[in-house]
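Below: the structure, in structure tokens.
FYI, it's all coordinate maths here, none of it is from the lab. All figures in this text were calculated on a predicted structure; none of them were measured in a lab. Quick reminder, even Gly has a Cβ in these numbers, built from the backbone with ideal geometry, and neighbours come from all protein chains shown.
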Amino acid sequence: MTALILNLHPSIELTDEQFLQLCQHNRDLRLERTAEGELIIMPPTGWETGNRNSRLTQRLGNWTDADGTGLAFDSSTGFKLPNGADRSPDASWVKRDRLVALNPDPAKFLPIAPDFVAELRSATDNLEKLQRKMQEYIDNGVRLGWLIDPQNQRVEIYRPQQEVEILQSPTSLSGEEVLPGFMLDLAQIL
């Protein structure tokens, strides 16, 4: 199954509050909204991708608990990016002091770009669309992004004002200066 994209504009323009309510009233659906107002309905993943994503989120969460400088989020968390898009990365992390300064409403999407995002490509994901999504994250303030592509046994690393770095069959990934000390073991993920 592939994602379903509904072009609502110009017929319907959802406010942020209406989009949030739509997501809350349809909790069985994973919804995102592009900066252009398109509604993306993403199907559930297969068991293999679900297991890989669980491991990714678990490892990021474990490091976050030990580190204490930020909060980790799973794929059910919505972020309102500066360009107006509402996105839900597979795994993400935000520095604690940015959250404290923002003091966001915990019942709403975070109105901030994460410091770190990871997207895990499933068998039905279009690679070019994921690459555009990763670039959108970087363009909106994400400092480090990983596109993990098990089908091609590679990882694309996204950083601001740098070319995308492609690693073929890596065994681990470094959180660099964004997630200092975090090393993601890719066993059972890639």
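What is the sum of charges, Lys and Arg at +1 and Asp and Glu at -1, for the other residues whose Cβ falls under 14 Å from the Cβ of residue 93?
On the way: positive: 59, 95, 96, 98, 143; negative: 65, 67, 74, 90, 97, 115, 119, 176, 177.
Net of charged neighbours comes to -4.
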Cleavage-rule hits (trypsin sites (Lys or Arg not before Pro)) in the range 12-45: DSSP loop, at most 12 neighbouring Cβ within 10 angstrom: 27
Tell me, what ³J(HN,Hα) does each residue in the range 120-135 have, in order and in whole Hz, if you take phi through Karplus 6.51 cos²θ - 1.76 cosθ + 1.60 with θ = phi - 60° and put x for Gly and Pro? 10, 6, 8, 4, 9, 6, 7, 4, 4, 5, 5, 5, 5, 5, 4, 5
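Which whole-number percentage describes the relative contact order of the chain, with Cα contacts under 8 Å and a sequence gap of 6 or more?
Relative contact order for the chain comes out at 15 percent.
Would you mind counting up the charge near residue 120? Only other residues with Cβ under 9 Å from its Cβ, with Lys and Arg at +1 and Asp and Glu at -1.
Details: positive: 52, 121; negative: 90, 119, 125, 149.
Net of charged neighbours comes to -2.
Rounded to the nearest 5, what is the percent of antiparallel bridges among the DSSP beta bridges in the chain? Mind showing how you got there, number by number?
Values: 31 of 37 bridges.
Taking every DSSP beta bridge with both residues in the chain, the antiparallel ones total about 85 percent.
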Sequence-distant residues sharing a close amide H with residue 115 (under 5 Å, placed H): 93, 94, 95
Tell me the Kirkwood radius of the range 7-49: reciprocal of the mean inverse pair distance over distinct alpha-carbon atoms, in Å. 11.4
Most mobile of 107, 72, 123 in a GNM of the chain (Cα contacts under 10 Å): 107
Theoretical ellipticity at 222 nm over the chain - DSSP helices of four or more residues, -39500 (n - 2.57) apiece, nearest 500: -8500 deg cm²/dmol
Using 7 Å Cα-to-Cβ label points, what is the residue 174/residue 97 separation (nm, one decimal)? 2.3
